[in-house]
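What follows is a short report on a single structure.
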Amino acid sequence: MHTIDTIMPEIENLRVHIAPVGYEIDRIVLPAKQMRADKVCLLVHDNPSEDKAVSFYDNISKKLKKLNIDVAKEYHNRSDLFNIIKSVKEIIENQKRNIIYVNLASGSKIQAIACMMACMMFNDSKNVHPFYVEAKDYLGFSGKPISTGIKEIQDVPTYEIKRPEQKHIDALRILHEKGGKMSKKDMAKYAIDEKLIIVNAENESQATFASLDKNIISSLENQWKFVKVEKIGRTRWINITQDGKNAAEFLI
């Protein structure tokens, strides 16, 4: 994933739109105009040969630039839910000093779902505002935009989706980087090195494992279902689950 961006100085409180590019033009351009956007980040499929919406990118960009709106293109896999969430998350993080509006109407259903999930998980600064644009006329898809004009722009409320604490995300990252399986003994060493747990006790070995279980493993296994612990012989192994693999795609 990579971004092509025009040069723009960092200014606080810019109005930044995030818009997946599908088969829409007006539902991206007209809200940006009406809401006085300073910049629009277009979510673009990373494999043009598989994307029927390629012809729309330049058209949208030209119309936005005529309105003196800055344009950036963020490349991602438009069919991968977790990759889309990660793309939106990174834009939100990069634009955290600005006011962010996320267009839920301009792309595919999976892009709309991913955009809404990102809004609900990463709105730490309360500066992210999803919205839905109702088209004025629907034309059906025949190689041209599937709608024209806009009838109404509706704000969409954001209800927080809780995400793991940073120490749990860091532990998930360690496990993911080590191939998805490691012993509790090895995880304890990394957890201490990265200060995910702090142990000050006479029986350091016993206290280390107790702290690891209480502060890291218990939440990852029981609350988030990101790992599963199994005992083989005398060794306890931590294995990443499918939910853990999915979460790693956008959390780390």
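Exactly one of (1) within 23 Å of Leu81 (Cα to Cα); (2) modelled with pLDDT of 95 or more; (3) surrounded by 13 or more Cβ atoms within 10 Å (Cβ to Cβ) is unmet by Gln242. Its number?
Going through (1) within 23 Å of Leu81 (Cα to Cα); (2) modelled with pLDDT of 95 or more; (3) surrounded by 13 or more Cβ atoms within 10 Å (Cβ to Cβ) one by one, Gln242 breaks only (3).
Could you tell me which of the residues Ile153, Ile110 is in contact with a Leu (Cβ under 7 Å, 6 or more places away or on another chain) and closer than 17 Å to Glu24 by Cα?
Ile110
Only one of Lys185, Lys189, Lys195 is in contact (Cβ under 8 Å) with a residue 12 or more places away in the chain, closer than 21 Å to Leu220 by Cβ, more than 20 Å from the chain's Cα centre (by Cα) and not assigned by TED's automatic domain parsing to the domain that holds Arg15. Can you tell me which? Full working, then the answer.
Working: Lys189 fails: in contact (Cβ under 8 Å) with a residue 12 or more places away in the chain; Lys195 fails: in contact (Cβ under 8 Å) with a residue 12 or more places away in the chain.
Going through Lys185, Lys189, Lys195 in turn, just one is in contact (Cβ under 8 Å) with a residue 12 or more places away in the chain, closer than 21 Å to Leu220 by Cβ, more than 20 Å from the chain's Cα centre (by Cα) and not assigned by TED's automatic domain parsing to the domain that holds Arg15: Lys185.
Residues are listed down the side, and each one gets a yes or a no for (1) surrounded by 13 or more Cβ atoms within 10 Å (Cβ to Cβ); (2) out of contact with any helix residue (DSSP H, G or I) (no Cβ under 8 Å at 6 or more places or on another chain); (3) among the hydrophobic types (A, V, I, L, M, F, W, C); (4) over 30 Å from Lys52 (Cβ atoms):
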{"site": "Gln154", "(1), (2), (3), (4)": "no, yes, no, no"}
{"site": "Pro157", "(1), (2), (3), (4)": "no, yes, no, yes"}
{"site": "Ala171", "(1), (2), (3), (4)": "yes, no, yes, yes"}
{"site": "Lys178", "(1), (2), (3), (4)": "yes, no, no, yes"}
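Any residue in the stretch 61-73 that is assigned by TED's automatic domain parsing to the domain that holds Asp38 and part of a strand (DSSP E or B) sitting within a Cβ distance under 6 Å of a residue that is surrounded by 13 or more Cβ atoms within 10 Å (Cβ to Cβ) and small (Gly, Ala, Ser)? List the pairs, counting only those 6 or more apart or interchain.
So the pair list comes out as Val71/Ser61.
Could you check the stretch 55-80 and list, in sequence order, the residues that are more than 13 Å from Leu43 (Cβ to Cβ) and touching a helix residue (DSSP H, G or I) at 6+ places or on another chain (Cβ under 7 Å)?
Scanning the stretch 55-80 gives Lys63, Leu64, Leu67, Ile69.
Would you call Ala171 within 21 Å of Gln223 (Cα to Cα), in contact with a Lys or Arg (Cβ under 6 Å, 6 or more places away or on another chain) and of a type in the set (Gly, Ala, Ser)?
So Ala171 fails the test.
Counting only residues that are without any contact (Cβ under 8 Å) to a residue 60 or more places away in the chain, in a strand (DSSP E or B) and not aliphatic (A, V, I, L, M), how many does the stretch 93-135 have?
Looking only at that region, the number is 4.
Might you check whether a residue that is modelled with pLDDT of 90 or more, assigned to a helix (DSSP H, G or I), within 23 Å of Ile84 (Cα to Cα) and not aliphatic (A, V, I, L, M) occurs anywhere in the stretch 33-55?
No, the stretch 33-55 contains no residue that is modelled with pLDDT of 90 or more, assigned to a helix (DSSP H, G or I), within 23 Å of Ile84 (Cα to Cα) and not aliphatic (A, V, I, L, M).
Go through the stretch 86-134 and count every residue that is hydroxyl-bearing (Ser, Thr, Tyr) and out of contact with any His (no Cβ under 6 Å at 6 or more places or on another chain).
Within the stretch 86-134, the first condition is being hydroxyl-bearing (Ser, Thr, Tyr), and the residues that meet it are 87, 101, 106, 108, 125, 132.
After this cut, where a residue has to be out of contact with any His (no Cβ under 6 Å at 6 or more places or on another chain) as well, the list is 106, 108, 125, 132.
Residues meeting the conditions: 4.
Report, by residue number, each residue of the stretch 24-38 that is within 14 Å of Lys136 (Cβ to Cβ), over 23 Å from the mean Cα position of the chain (by Cα) and not aliphatic (A, V, I, L, M).
Asp26, Gln34 - these are the residues of the stretch 24-38 that are within 14 Å of Lys136 (Cβ to Cβ), over 23 Å from the mean Cα position of the chain (by Cα) and not aliphatic (A, V, I, L, M).
For Ser205, state whether it is assigned to a helix (DSSP H, G or I), without any contact (Cβ under 8 Å) to a residue 60 or more places away in the chain and over 26 Å from Asn246 (Cβ atoms).
Answer is yes for this residue.
Out of curiosity, is Tyr132 among the aromatic types (Phe, Trp, Tyr) and either surrounded by fewer than 16 Cβ atoms within 10 Å (Cβ to Cβ) or at pLDDT below 85 (or both)?
No; evaluated as a whole, the condition is false for this residue.
The values are calculated or read from the model by the stated rules, or taken from the named source; none is laboratory data. Bear in mind that the values here come from a model prediction, so they are computed numbers and not experimental data. Please note: Cβ atoms are built from the backbone with ideal geometry, for glycine as well, and neighbour counts cover all protein chains shown.
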